């Protein structure tokens with residue numbers, strides 16, 4: 001386990017506290033929303049972070065990677081809940097957790113770390129664009145019919161935003177813009193200040209000063225529904241293995257790519273060590289076994305809160321522990337202050353982090369990059385935005401596979417058949 005460095009200072013502690021605090025604020029509405037979409041009581045979306053946070057902080061290899069419920073696990077867990085309720089969520093999470101530990105023992109994680117850097121950058125860019133698009137409705141304050149279910153598809157979200165753009169309200173737009181602009185301003189003044197958190201405080205101050213009454217986080221319901229446990233039927237084992245394996249594969253790929261993206265934004269422009277990747281899978285496998293026991297959804301690395309943690313100064317495992325501790329504090333005390341934070345302000349934080357993820361440096365170099373690298377970057381970004389993370393990585397890596405096949409199957413045999421200059425020279 002990698003402990004904080006010996007030169008750990010009060011400044012480092014302040015960064016960890018601020019980073020963990022802003023990550024916890026992002027986790028509150030996100031975790032509640034994810035659990036609701038899965039069809040389980042909202043409070044379980046917070047339990048995932050409470051349970052997995054301390055365990056991954058203790059056992060994980062990336063100290064600032066923060067886990068929680070994610071959209072990549074949504075199809076698998078929502079399907080399990082529809083079939084068996086809360087017990088289905090617990091079963092599939094447990095099976096997937098066991099598979100993650102098997103992947104770790106078989107040392108499969110190290111192969112994922114060999115994914116080309118341009119594919120990782122494209123994934124980061126796609127995630128960033130998705131984060132921005134997902135917050136447009138809240139930041140713009142768009143009003144839609146009550147019977148309209150807001151889609152998860154980015155294209156459909158953009159279509160609805162364009163359709164209802166005329167219902168935009170100035171108050172949420174102002175608050176979201178204040179957070180984004182404030183975060184960029186404060187980060188420009190000093191990289192060591194918790195810029196997004198200061199942006200939120202500025203927006204809250206404006207909201208109070210002008211008497212705005214935007215939708216707030218609200219008090220969290222502390223009522224924990226009883227979990228009656230479950231039984232394993234021999235007839236359902238095959239289905240559970242299939243669903244659990246698929247969930248484990250998707251979660252493992254997403255986890256390790258997110259870890260690489262977080263390292264990239266920490267300024268550590270190197271690949272993970274082989275043992276780090278395998279160890280990360282093992283750590284999250286263990287954490288998810290505990291999540292499954294308590295029927296909490298699967299935990300994977302979350303780009304939004306992990307990168308917000310880094311942007312606010314998080315440098316060590318302490319930030320992960322602070323993230324979980326503050327979530328527990330918010331739940332235990334009902335946190336009057338947190339309950340009054342406007343949702344557009346939190347949406348502004350997520351949008352700010354998303355904008356920072358858009359890989360502006362890569363866009364500037366795009367015209368000078370080899371066509372395979374630029375194609376892999378663009379294809380991965382678009383596929384992440386429009387399809388899903390696993391398909392995006394496969395498509396991006398496909399560019400390099402095609403190049404390898406071209407050189408191996410077409411180019412090398414042709415060069416081998418071409419007579420060399422010395423062999424064709426006329427003897428004197």
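The values are calculated or read from the model by the stated rules, or taken from the named source; none is laboratory data. Remember, it's a predicted structure, so these values are computed and weren't measured experimentally. Ideal geometry is used to build each Cβ from the backbone, glycine not excepted, and the neighbour counts take in all protein chains shown.
Taking helices (runs of 4 or more DSSP H) that fall entirely within region 288-369, which contain at least 2 residues that are more than 20 Å from the chain's Cα centre (by Cα)?
In region 288-369, the matching helices (runs of 4 or more DSSP H) lie at 317-333, 336-339, 360-365.
Yes/no per residue for (1) outside the structural domain of residue 130 (by TED's automatic domain parsing); (2) over 25 Å from residue 114 (Cβ atoms); (3) in contact with a helix residue (DSSP H, G or I) (Cβ under 6 Å, 6 or more places away or on another chain); (4) at pLDDT below 85:
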position: 350; (1), (2), (3), (4): no, yes, yes, yes
position: 373; (1), (2), (3), (4): yes, no, yes, no
position: 379; (1), (2), (3), (4): yes, no, yes, no
position: 383; (1), (2), (3), (4): yes, no, yes, no
position: 390; (1), (2), (3), (4): yes, no, yes, yes
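Being crowded, with 22+ Cβ neighbours inside 10 Å, assigned by TED's automatic domain parsing to the domain that holds residue 288, in contact (Cβ under 8 Å) with a residue 40 or more places away in the chain and within 20 Å of the chain's Cα centre (by Cα): is that true of residue 40 here? Considered against the rule, which asks whether it is crowded, with 22+ Cβ neighbours inside 10 Å, assigned by TED's automatic domain parsing to the domain that holds residue 288, in contact (Cβ under 8 Å) with a residue 40 or more places away in the chain and within 20 Å of the chain's Cα centre (by Cα), residue 40 comes out as no.
Name the residue that is farthest from the chain's Cα centre (by Cα), counting only residues in region 220-251 that are part of a loop (DSSP other than H, G, I, E, B) and at pLDDT 75 or above. The qualifying residue farthest from the chain's Cα centre (by Cα) is 233. When residue 193 is tested against (1) assigned to a loop (DSSP other than H, G, I, E, B); (2) within 26 Å of residue 359 (Cα to Cα); (3) at pLDDT 90 or above, just one condition goes unmet, and that condition is (3).
Contact map, region 77-103: residues that are in the same structural domain as residue 278 (by TED's automatic domain parsing) paired with residues that are modelled with pLDDT of 90 or more and outside any helix (DSSP H, G or I), Cβ distance under 7 Å, separation 6+ or inter-chain. Pairs shown: 77/297; 77/298; 89/297; 93/297; 93/298; 96/298. Just one residue in the set 56, 36 is in a helix (DSSP H, G or I) and touching a strand residue (DSSP E or B) at 6+ places or on another chain (Cβ under 8 Å); that residue is 56. The condition of being surrounded by 11 or more Cβ atoms within 10 Å (Cβ to Cβ), assigned by TED's automatic domain parsing to the domain that holds residue 347 and closer than 17 Å to residue 26 by Cβ holds for residue 203.
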